[in-house]
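Student: Structure below; questions to follow.
The values are calculated or read from the model by the stated rules, or taken from the named source; none is laboratory data. No experiment lies behind these values; they were computed from the predicted model shown. Ideal geometry is used to build each Cβ from the backbone, glycine not excepted, and the neighbour counts take in all protein chains shown.
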Amino acid sequence: MITARLTTEPIDANALLRELAHDEDGAQELFLGVVRNHHQGREVLRIDYEAYEPMAL
């Protein structure tokens, strides 16, 4: 089963894994990206993500 969601709320990875856990499944895969603290020699303070919601859905 493939599950995909679009949300404006913070993602609780542990809650998501618990929700998707099924004894008959052989595996679960969850990709979590992490932003590095630098880019081209400059400190990264934050990232922003924008999407045009009608196209993202």
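Residue-by-condition table, conditions (1) at pLDDT below 85; (2) of a type outside the set (A, V, I, L, M, F, W, C):
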| site | (1), (2) |
| --- | --- |
| Ala4 | yes, no |
| Glu9 | no, yes |
| Leu16 | no, no |
| Leu30 | yes, no |
| Arg36 | no, yes |
| Glu43 | no, yes |
| Ile47 | no, no |
| Glu53 | yes, yes |
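Student: Could you list, ordered by first residue, the pairs with Cβ atoms under 9 Å in which the first is in the range 6-29 and more than 21 Å from Asp48 (Cβ to Cβ) and the second is outside any loop (DSSP other than H, G, I, E, B), at least 6 apart or interchain?
Tutor: Partner pairs satisfying both residue conditions: Gln28/Leu17; Gln28/Leu20.
Student: Which one is farthest from Thr3 (Cα to Cα), of the residues in the range 18-28 that are at pLDDT below 85 and small (Gly, Ala, Ser)?
Tutor: Here the answer is Gly26.
Student: Something else now. So the check is Cβ under 6 Å with 6+ separation or different chains; which pairs have a first residue in the range 42-57 that's exposed (fewer than 10 other Cβ atoms within 10 Å of the Cβ) and a second one that's not in a helix (DSSP H, G or I)?
Tutor: Final answer for the pair search is Ile47/Val35; Ala56/Leu6.
Student: Now for a different question. Restricting attention to the range 14-34, does a residue exist that is surrounded by 10 or more Cβ atoms within 10 Å (Cβ to Cβ), outside any loop (DSSP other than H, G, I, E, B) and under 14 Å from the mean Cα position of the chain (by Cα)?
Tutor: The answer is yes; a qualifying residue exists.
Student: Taking the condition of being of a type outside the set (A, V, I, L, M) and under 23 Å from Leu57 (Cβ atoms), how many residues in the range 7-37 meet it?
Tutor: 8
Student: If I go through the range 40-56 residue by residue, how many of them are assigned to a loop (DSSP other than H, G, I, E, B) and within 27 Å of Arg5 (Cβ to Cβ)?
Tutor: Of the residues in the range 40-56, 8 are assigned to a loop (DSSP other than H, G, I, E, B) and within 27 Å of Arg5 (Cβ to Cβ).
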